[in-house]
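The values are calculated or read from the model by the stated rules, or taken from the named source; none is laboratory data. Only a predicted model underlies this, so the values are computations on that prediction, with no experimental measurement involved. Neighbour counts are summed over all protein chains in view; Cβ atoms, including those assigned to glycine, are modelled from backbone coordinates with ideal geometry. When the accessible area is computed, the model is the full protein with side chains, heavy atoms only, and any ligands, DNA or RNA have been set aside. Shrake-Rupley method; radii C 1.70, N 1.55, O 1.52, S 1.80 Å.
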Amino acid sequence: MRAALFHQHGGPEVVRLEEVPRPEPEAGEVLIRVRAAAMNHLDLWARRGLPFAIPLPHIGGSDVVGTVEGTGERVVVNPGLWCGRCTYCARAQEPLCVRYRILGEHIDGGFAEFVAVPATHTYPIPDDVAWEVAACLPVSYGTAWRAVFTQAAVRPGEKVLVLGASGGTAIAAIQIAKLAGARVFAVTRGAENVERVRGLGADVVYDRAEADWSAEVFRDTDKQGVDVVIENVGEATWKGSLR
Ligand SMILES: [Zn+2]
């Protein structure tokens, strides 16, 4: 099969299209004929070199959709692979699994004609959802889903603040929180992003270049603050998030 892979870390020039053996599914796995694989920022990190070594050559691609060989079922692949046996898995904290691996990061991914994945990690895609639309979901929307529901347990009517609101995971968090019935506040930068984020469903959007968003959120919530902050930035915004 053909695959986009790299033999060494570096810039885009290290990626090559080569013929490699088709993966053989192991027990419990299915072979996916890849129909679309989205480029995620994770792919750039893996290509440039991660703080840990990965086997080379490496095939990237964590966001994968395709058909199951043999049945033809249209599926999206959950790239977060866990063991199902460790203490964390037993507590339904699969992303903390001691043997946690991400398809396309720790192991070969979907920038290829085929990829073998655990059958338990494939979910059906409705016929009216295009391949390239479904392919944008797994990493960003899976991460946001865990933040909004698994960790924060957002309820209808709660106030949710999303920082760094123009990134993929943040956009997913805005849409998911909105669908859950939350009132969504978002912080981004620049008039264009403000309009875009508002169009995606955020109720109140702040331009961090124009306003002290932390003070404005405090004011706009009648000095109550929000129930949940989806922190996509980190140290630079901790203080404002926690005030
Ligand atoms: Zn585990």
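Listed values, structure above:
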{"quantity": "Among 188, 71, 120: highest mean-square fluctuation, GNM of the chain, C-alpha pairs under 10 Å", "calculated": "71"}
{"quantity": "Centre separation in Å (Cα based) which lies between the stretch 156-189 and the stretch 57-126", "calculated": "26 Å"}
{"quantity": "For the stretch 162-175, 3J(HN,Hα) per residue [Karplus equation, 6.51 cos²θ - 1.76 cosθ + 1.60, θ = phi - 60°, Hz, x = Gly/Pro]", "calculated": "10, 9, x, 6, 9, x, x, 5, 5, 4, 4, 5, 4, 5"}
{"quantity": "Helix-only [θ]222 nm of the chain, DSSP H runs n ≥ 4, -39500 (n - 2.57) each, per residue, nearest 500", "calculated": "-6500 deg cm²/dmol"}
{"quantity": "Per-residue HN-Hα couplings for the stretch 224-231 [Karplus 6.51, -1.76, 1.60; θ = phi - 60°; Hz; x = Gly/Pro]", "calculated": "9, x, 9, 7, 9, 10, 8, 8"}
{"quantity": "Alpha carbon convex hull of the chain, projected area averaged over orientations, nm²", "calculated": "15.0 nm²"}
{"quantity": "Proximal charge balance of residue 132 [Cβ under 14 Å; K/R count +1, D/E count -1]", "calculated": "0"}
{"quantity": "Accessible carbon and sulfur surface of the stretch 63-132 relative to its total accessible area, %, 1.4 Å", "calculated": "52 percent"}
{"quantity": "Amide H contacts under 5 Å for residue 205, placed H, 5+ residues apart", "calculated": "186"}
{"quantity": "10 °C / 1.306 mPa s Stokes-Einstein diffusion coefficient of the stretch 20-160, Kirkwood radius on C-alpha pairs, µm²/s", "calculated": "100 µm²/s"}
{"quantity": "Segment residue 155-residue 218, extension gain: residue separation times 0.36 nm, minus the distance between their alpha carbons", "calculated": "20.7 nm"}
{"quantity": "Residues whose placed amide H lies under 5 Å from that of residue 107, excluding near-sequence neighbours", "calculated": "102"}
{"quantity": "Accessible surface, per residue, of the chain when the full set of protein chains is kept, probe 1.4 Å, Å²", "calculated": "54 Å²"}
{"quantity": "Size of electric dipole in the chain: Cβ of Lys, Arg +1 and of Asp, Glu -1, about Cα centre, debye, nearest 20", "calculated": "580 debye"}
{"quantity": "Calculated from backbone phi, Karplus (6.51, -1.76, 1.60) coupling profile of the stretch 126-131 in Hz, x at Gly/Pro", "calculated": "x, 4, 8, 9, 5, 3"}
{"quantity": "Radius 12 Å from Cβ of residue 80, net charge of other residues (Lys, Arg +1; Asp, Glu -1)", "calculated": "0"}
{"quantity": "Which of 75, 39, 61, positive extreme of dipole for the stretch 15-75 (C-beta unit charges)", "calculated": "39"}
{"quantity": "Calculated P(r) of the stretch 142-242 - Cα pairs past 22 Å, %", "calculated": "18 percent"}
{"quantity": "Signed unit charges on C-beta, dipole axis of the stretch 142-242, positive-most listed residue 182, 165, 211", "calculated": "182"}
{"quantity": "Under-5 Å amide H pairs with residue 29, H placed in peptide plane, nonlocal only", "calculated": "119"}
{"quantity": "Residues of type aspartates and glutamates that residue 239 reaches as a straight line, Cα spacing below 17 Å, ignoring anything fewer than 8 places off in the same chain", "calculated": "212, 216, 227, 231"}
